[in-house]
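This report refers to the structure that appears directly beneath it.
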Amino acid sequence: MDSVTGPLRSAASTVTADPLETPRPAFTLADAARIAASAFGISGDPAPLHSERDLNFRVAGPAGRVFLLKLHNPADDVNVIDMQTRALRHIGRVDPALPVTRVVPTLDGEAWQPVTGRDGRTSFARLFTFLPGHNPAARDLDDRALFEWGRVVARLGRALRGFYHPAAGYEIQWDIRRAASLRPRLTDIVDDARRALVTRVLDRFDANVGPVIDRLRAQVIHNDMSLGNVLVDDGCAITGITDFGDMTHTSLVCDLAVAIADVLDGREDALAMAVPMIAGYTSVTSLERQEAALLGDLVATRCATAVAITAWRRQGEQSEQGQPGELSSAADGAWRFLRLLDAEGLDRVGFLFSDAAGRGRGQGAGVCYRPVPTADLLRARRAVLGPATLSYDPPVHLVRGEGVWLFDPEGRRYLDAYNNVPVAGHGHPAVTDAIATQVHLLNTNTRYLHEAIVELAERLLATMPGHFDRVLLVNSGSEANDIAWRIARFVTGGRGAVVTRCAYHGVTHATTDLSPEEWPAGFAPEHVALAPAPDGYRGEHRRDEPGWEERYGADVATAAAELDTRGMRLAAMFVDSAFISDGILGPVPRYIRAAARAVHGAGGLFVADEVQAGFGRTGEHLWSFAPAGAGPDIVTLGKPMGNGFPVAAVVTRSDLADDFAERTGYFSTFGGNPVACAAGLAVLRVVQEGGLTANAAQVGAHLRGRLESLAERHRLVGDVRGWGLLAGIELVRDLQAREPAADAAKRAAGRLRERGILIGVTGPAGNVLKIRPPLVFERQHADLLAETLDEVLTELET
Ligand code: PMP
């Protein structure tokens with residue numbers, strides 16, 4: 001902006017005139033040579049350089065050193081010059097590698113020397129080290145150079161973070177935050193189209209930005225990292241940052257907005273090229289969500305400011321010279337960018353920029369992987385990971401999550417109606433902050449005293465029936481079930497287990513044995529007996545039979561007896577409290593009571609596996625076994641417990657756990673570490689204090705209503721089951737015969753994905769649509785899901 005800008009300051013008591021309206025100082029070349037020699041002891045011949053408002057000279061000094069002599073515009077405020085001087089010193093101290101100029105003191109050790117010009121006005125003479133390089137042309141800057149540009153803007157912001165000066169509060173019109181004060185200048189924009197668009201941008205600013213901008217991070221920023229103020233070498237590496245004349249105390253994000261606007265203006269590819277700049281910036285400094293959300297509007301406002309101020313200055317120029325001058329072209333660049341932004345739609349620009357910044361949030365200074373295009377990534381992944389399962393074909397490549405939304409590298413968003421781990425929503429700030437804070441502070445193991453594990457255990461126990469008084473922390477649901485299995489064997493002396501027919505309880509050797517869903521054909525561990533899950537829709541006992549739940553309970557006794565015939569006593573039965581892999585059968589309290597009775601009768605322990613169904617998922621209660629009242633001896637927790645951070649737990653009684661823990665010397669290196677516990681505490685707080693269980697109940701009821709109405713209209717829908725934000729839709733080929741339609745279920749999930757919604761498929765026959773979104777799901781999301789599913793089912797039925 002150098003060609004059109006300058007500090008338009010007001011309300012500064014020491015400012016007597018506006019430098020933009022004040023003629024340059026009056027010194028000859030000989031005067032400059034004299035000043036260089038007398039004030040700074042430099043005797044080389046000065047060569048004039050371009051400056052619109054000051055007089056600048058290149059001066060050679062001893063030993064090949066080169067300096068810049070600046071004779072300030074007489075209107076420049078001494079306080080502002082002092083601020084710039086101190087800021088340069090501060091940056092030099094804090095980030096010496098940043099290529100900013102150094103202030104060379106006068107022979108008297110001062111930062112400047114007052115000098116009187118031929119017209120009698122006083123100016124300040126200052127000397128700086130001369131920075132190498134040239135100002136780049138916009139077209140020279142490719143993605144890499146723009147990424148670097150963004151990075152340097154962020155570094156400069158970081159370097160200035162701890163800097164303050166009383167003059168930093170001076171009002172300058174180029175501060176985007178003060179855009180509202182441009183209104184009186186709009187009449188200077190002669191062109192109607194320009195005036196209308198600038199007015200619209202300012203209206204948006206007043207509506208969207210003005211009310212919140214004062215809540216954003218603010219500090220002293222450079223505020224003018226434009227093409228004219230940055231020097232580069234032939235490879236476009238930045239060699240110098242000049243002109244601190246627009247430096248001011250304002251919102252930090254304005255620095256990035258200014259750079260985007262001023263570096264990219266006039267380029268046809270400006271919108272796309274903003275992305276690497278944002279990525280570069282956020283590789284050093286993450287943007288907060290609100291900063292990211294406003295970035296598009298801030299860039300537009302900067303362009304509008306340039307158009308308005310230039311029009312105003314051109315008025316002055318015309319009245320002086322009778323014709324438009326060099327200012328026109330600067331405004332044209334800003335105007336072209338503004339038109340591009342408008343054509344794209346400012347809402348969409350806001351989304352694109354915020355998305356780019358969000359990606360940066362994950363690519364912050366500490367992230368150490370390189371982004372790879374989706375197709376290459378699939379190939380690279382297969383080469384090193386082999387045929388490990390991926391959902392969807394082609395698979396979904398995700399780079400970021402926020403609330404109920406997931407984003408791919410192109411910024412396409414998916415409604416997440418599938419992932420139950422992020423109960424609090426993707427990237428919940430309370431959880432990410434808790435994790436980040438704790439990992440900065442300390443992360444070690446449970447052989448040292450630490451508050452977090454105790455508080456987490458206490459808080460968990462407070463949510464459980466009173467007889468539970470022990471918590472063992474581990475790292476995954478599988479481990480929790482593995483430990484539960486060891487405790488059960490240790491305590492009962494039995495070796496046998498009962499699980500439901502399509503249960504899943506984990507990935508370790510012991511828990512794979514307990515997971516018939518994963519058994520390869522012909523595999524059936526002798527110590528495991530299967531009982532039918534309480535499937536009231538297609539199982540042996542149906543919902544319309546009185547006492548059907550208890551009949552399934554009796555099947556548990558039969559399974560335990562079968563173990564006896566194999567010469568084994570029952571150690572435990574494991575039950576997923578919502579029977580998700582058995583087809584999403586939901587909490588069945590009467591079954592749980594009957595099954596627990598049968599298990600206890602056979603001398604075993606009853607393990608409620610809440611790894612998937614816990615933490616409020618089924619609404620009303622935090623734990624899905626809770627409606628059954630008494631029941632489990634051990635409860636295992638996992639998946640949502642850390643909202644994605646690995647943390648899991650075994651909750652049980654001292655009479656079961658203590659002897660085991662002591663005799664086996666139980667210890668887990670990572671289990672219960674302070675970061676995991678911080679995550680667990682944050683999640684528990686968000687779920688409990690954020691009312692997420694109640695939300696699951698309310699939004700879940702709404703969702704179930706919408707899904708049930710689909711059942712009335714679609715012959716593919718055999719059954720709709722839902723508890724809180726857990727829903728299963730059973731697709732069938734024929735409503736009477738209830739023959740499972742696994743193919744349709746798979747295609748439905750695939751088509752929903754194409755329309756930007758993620759769900760899954762489960763059940764023994766693979767025909768149950770699995771819906772278990774983050775618990776921050778809202779009615780509007782439920783509506784979007786139901787309406788899209790309606791379309792998809794219609795397609796599949798025709
Ligand atoms: N139990 C249940 C009911 C589960 O759903 C899972 C995971 N799908 C596990 C245990 C195993 O948990 P993890 O994958 O964390 O080991």
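The values are calculated or read from the model by the stated rules, or taken from the named source; none is laboratory data. These figures come from a predicted structure and were not determined experimentally. Counting neighbours? That spans all protein chains shown, and the Cβs are built from the backbone with ideal geometry, glycine included. Heads up: the accessible areas ignore ligands, DNA and RNA and are worked out on the full protein's heavy atoms, side chains in. Shrake-Rupley method; radii C 1.70, N 1.55, O 1.52, S 1.80 Å.
For segment 69-85, 3J(HN,Hα) computed residue by residue from phi via the Karplus equation (6.51, -1.76, 1.60; θ = phi - 60°) reads 9, 10, 9, 5, 4, x, 7, 5, 7, 4, 5, 5, 5, 5, 4, 4, 4 Hz, glycine and proline entered as x. Label sites at ALA343 and ALA196, each approximated as a point 7 angstrom past Cα along Cα to Cβ, lie 1.7 nm apart. Close amide H partners of ALA648, meaning residues 5 or more places away or on another chain with modelled amide H under 5 Å apart, are VAL474, ASN475, SER476, GLY672. Working from Cα positions, state the angle (0 to 90°, nearest 10) between the long axis of helix 289-321 and the longest principal axis of the chain. Tilt of helix 289-321: around 20 degrees. Ranked by the mean number of other Cβ atoms within 10 Å per residue, highest first, peptides 585-595, 104-114 order as 585-595, 104-114.
Taking 7 Å steps out from each Cα toward its Cβ at ARG755 and ARG543 produces label points 2.4 nm apart.
Take every pair of alpha-carbon atoms less than 8 Å apart whose residues are at least six positions apart; their mean separation over the length of the chain yields a relative contact order of 10 percent. The apolar share of the surface of segment 467-522, taken as the fraction of accessible area on carbon and sulfur atoms (1.4 Å probe, ligands and nucleic acids excluded), comes to 48 percent.
Please report how far the C-alpha centroid of segment 23-88 lies from that of segment 165-200, rounded to the nearest whole angstrom. Between the Cα centre of segment 23-88 and that of segment 165-200, the gap is 31 Å. Is the C-alpha gyration tensor of segment 207-282 telling us rounded, prolate or oblate? Criteria: a/c under 1.5 is rounded; beyond that, a/b larger than b/c is prolate, otherwise oblate. In terms of gyration-tensor shape, oblate.
What a 1.4 Å probe finds exposed on segment 630-716 is 49% carbon and sulfur by accessible area, rounded to a whole percent. Each of GLY228, ALA786, LEU156 was placed along the dipole of the chain (beta-carbon charges, centred on the mean Cα), and the one lying farthest toward the positive end is LEU156. Each peptide in 141-151, 87-97 was scored by the mean count of other Cβ atoms within 10 Å over its residues; highest first, the order is 141-151, 87-97.
Label segment 158-258 by shape, choosing from rounded, prolate and oblate, from the square roots a ≥ b ≥ c of the eigenvalues of the Cα gyration tensor; if a/c is under 1.5 it is rounded, and otherwise prolate applies when a/b is larger than b/c, oblate when it is not. It is oblate, given that a/c is not under 1.5 and a/b is not larger than b/c. Only one residue of CYS502, THR492, GLY604 has its Cα farthest out toward the positive end of the dipole of the chain, where Lys and Arg carry +1 and Asp and Glu -1 on Cβ, and that residue is THR492. Taking all protein chains together, GLU455, GLU52 sort by accessible area into GLU455, GLU52, largest first [probe 1.4 Å]. Counting only protein heavy atoms and a 1.4 Å probe, the chain has 41 square angstrom of accessible area per residue.
Please list, by residue number, everything in segment 769-788 whose backbone N is under 19 Å from a paramagnetic label point 7 Å out along Cα→Cβ of GLU712. 783-788, by backbone N distance to the label point. Peptides 115-121, 777-783 ranked from most to least packed, by the mean per-residue count of other Cβ atoms within 10 Å: 777-783, 115-121. Helix 192-204 and the long axis of the chain differ in direction by around 50°, with both axes built from C-alpha atoms.
Checking the a/c ratio against 1.5 first, then a/b against b/c, what shape does the Cα gyration tensor give for segment 532-687? It is oblate, given that a/c is not under 1.5 and a/b is not larger than b/c. Each of HIS440, PRO534, ALA424 was scored by the projection of its Cα onto the charge dipole of the chain, and the greatest displacement toward the positive side belongs to HIS440; charges sit on the C-beta of Lys, Arg, Asp and Glu. Secondary-structure-derived ellipticity at 222 nm for the chain, considering helices only, amounts to -13500 deg cm²/dmol, per-run term -39500 (n - 2.57) for DSSP H runs with n ≥ 4. Taking all Cα pairs closer than 8 Å and separated by 6 or more residues, the relative contact order of segment 623-777 comes to 15 percent. Under the simplified labelling scheme, the THR22-SER668 pair shows an inter-label distance of 7.0 nm, with each label point 7 Å from Cα along Cα→Cβ. Taking amide H as placed 1.01 Å from N in the peptide plane, SER515 has its amide H under 5 Å from the amide H of HIS505, each at least 5 places away in sequence or on another chain. Around the Cα centre of segment 546-698, unit charges on the Cβ atoms of Lys, Arg, Asp and Glu (plus for the first two, minus for the last two) sum to a dipole of about 140 debye. With a Förster radius of 25 Å applied to the beta-carbon distance between LEU441 and ARG93, the computed FRET efficiency rounds to 0.35. Under a model in which nothing but the beta-carbon of Lys, Arg (+1) and Asp, Glu (-1) is charged, the chain shows a dipole of about 760 debye around its Cα centre. Remark: accessible surface ordering of VAL399, VAL650 (largest first) is VAL399, VAL650, probe radius 1.4 Å.
Helix 779-797 and the longest principal axis of the C-alpha atoms of the chain enclose an angle of approximately 70°. The relative contact order of segment 457-574, computed from alpha carbon pairs under 8 Å that lie at least 6 residues apart in sequence, is 28 percent.
What the Cβ-Cβ distance of TRP519 and GLU171 gives, at R0 = 60 Å and to the nearest 0.05, is a FRET efficiency of 0.25.
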